[in-house]
1. Could you check the range 1-17 and list, in sequence order, the residues that are outside any helix (DSSP H, G or I) and either under 15 Å from the mean Cα position of the chain (by Cα) or more than 24 Å from residue 239 (Cα to Cα) (or both)?
2. Looking at (1) in contact with a strand residue (DSSP E or B) (Cβ under 9 Å, 6 or more places away or on another chain); (2) surrounded by fewer than 18 Cβ atoms within 10 Å (Cβ to Cβ), find the lone condition where residue 92 falls short.
3. From the set of residues in the range 160-176 that are surrounded by fewer than 20 Cβ atoms within 10 Å (Cβ to Cβ) and touching a residue at least 60 places away in the same chain (Cβ under 8 Å), which is farthest from residue 78 (Cα to Cα)?
4. Out of all the residues in the range 65-73, is one or more farther than 16 Å from residue 13 by Cβ and crowded, with 20+ Cβ neighbours inside 10 Å?
5. Does residue 234 meet the test of being within 20 Å of the chain's Cα centre (by Cα) and of a type outside the set (A, V, I, L, M, F, W, C)?
6. Is it true that residue 79 is open to solvent by 90 Å² or more (accessible area, probe 1.4 Å) and either modelled with pLDDT of 90 or more or in a helix (DSSP H, G or I) (or both)?
7. Look through the range 139-156, keep the residues that are under 17 Å from the mean Cα position of the chain (by Cα) and open to solvent by 30 Å² or more (accessible area, probe 1.4 Å), and return whichever of them is modelled with the lowest pLDDT.
8. Among the residues of the range 195-248 satisfying the criterion of being loosely packed, with under 15 Cβ neighbours inside 10 Å and in contact with an Asp or Glu (Cβ under 9 Å, 6 or more places away or on another chain), which is nearest to residue 161 (Cα to Cα)?
Amino acid sequence: MRVETNERIMRRNRKIAQYSFFVSMGVWLAGLGVSFSGIFGDDSSETLSLIEVGVTLTLPFALILALFAVYMTNLWIREPRPEQAIREGLKGVSNRSVLYHYYHAPAKHVLIAPQGVFVMVVRWQSGDMTVNGDSWRLERGAFGRMTGIFRLDGLGDPNGEAERAVEYIKRILEPIAPDVDVDALIVLTDPRADADITDSPIPVLYTEEKRKPNLKTFMRKHPAKGGDLPLTDEQIEAFEKATLPESS
């Protein structure tokens with residue numbers, strides 16, 4: 001299987017996550033320093049007023065920046081990395097297949113294989129979750145829900161995200177291969193994730209082979225149409241020319 005990964009985007013977003021964290025910590029420390037200077041320094045009313053204004057302005061900014069750093073860390077630094085987990089989960093798929101990572105936002109992970117063209121929407125969250133139709137929910141107590149606000153680990157709307165990703169890839173393929181179907185998969189990458197699936201219009205799969213249902217089993221059972229790819233080499237080349245940088 002050929003794998004194309006947008007390393008430039010990955011490096012950039014990892015740096016943003018790291019810099020955001022350190023800057024937010026610097027702002028927090030600066031705010032605390034200003035507060036202590038008001039306690040142990042000049043106690044005039046004018047100075048204290050300026051300190052209050054400074055702290056009032058800087059600390060909310062630091063909080064927003066820290067939450068942004070957490071969000072970026074979840075997406076771009078947190079292990080296991082989605083691109084690694086997906087690649088491991090697809091071991092054994094036809095070596096003619098092509099897997100793309102981070103070139104086609106909002107379709108971050110795209111697979112062209114004998115089984116078809118797939119967009120994969122990742123959920124990296126751990127713990128128990130329930131899936132019933134379009135409704136996704138993490139099962140946790142009141143304390144877990146409260147701390148989850150700061151961890152920014154909500155599940156969001158995987159089905160809606162998958163539908164948007166499918167439509168995006170369809171638009172790209174329309175002038176290249178208008179008759180090719182594009183399907184969606186929702187992939188759970190954390191080994192501690194445990195989904196209770198009552199009903200789902202989109203397949204929900206684990207990347208770990210030991211878990212059921214998983215990516216590898218799904219691909220083995222899915223009709224492979226004689227081993228041929230749904231796109232010709234020329235169509236794949238046109239797809240890549242339309243979406244990948246020249247250097248790739």
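The values are calculated or read from the model by the stated rules, or taken from the named source; none is laboratory data. Since we're looking at a predicted model, the values are computed, not measured. Neighbour counts are summed over all protein chains in view; Cβ atoms, including those assigned to glycine, are modelled from backbone coordinates with ideal geometry. What goes into the accessible areas is simple: the full protein's heavy atoms, side chains included, and nothing from ligands, DNA or RNA. Shrake-Rupley method; radii C 1.70, N 1.55, O 1.52, S 1.80 Å.
1. We begin by selecting, within the range 1-17, every residue outside any helix (DSSP H, G or I); these are 1-6.
Residues satisfying the conditions are 5, 6.
2. Residue 92 satisfies every listed condition except (1).
3. Going through the qualifying residues, I end up with 176.
4. No, that holds for no residue.
5. Details: within 20 Å of the chain's Cα centre (by Cα): no; of a type outside the set (A, V, I, L, M, F, W, C): yes.
Taking the combined requirement at face value, the residue does not satisfy it.
6. Numbers: open to solvent by 90 Å² or more (accessible area, probe 1.4 Å): yes; either modelled with pLDDT of 90 or more or in a helix (DSSP H, G or I) (or both): yes.
It is true that residue 79 is open to solvent by 90 Å² or more (accessible area, probe 1.4 Å) and either modelled with pLDDT of 90 or more or in a helix (DSSP H, G or I) (or both).
7. Here the answer is 151.
8. Quick first cut of the range 195-248, residues loosely packed, with under 15 Cβ neighbours inside 10 Å only: 196-199, 201, 209-210, 212-213, 220-221, 223, 225-228, 232-234, 237, 241-242, 244-248.
Remaining after also requiring in contact with an Asp or Glu (Cβ under 9 Å, 6 or more places away or on another chain): 196, 201, 209, 244, 248.
Details: 196: 20, 201: 13, 209: 25, 244: 22, 248: 26 Å.
Of everything passing the filter in the range 195-248, 201 is nearest to residue 161 (Cα to Cα).
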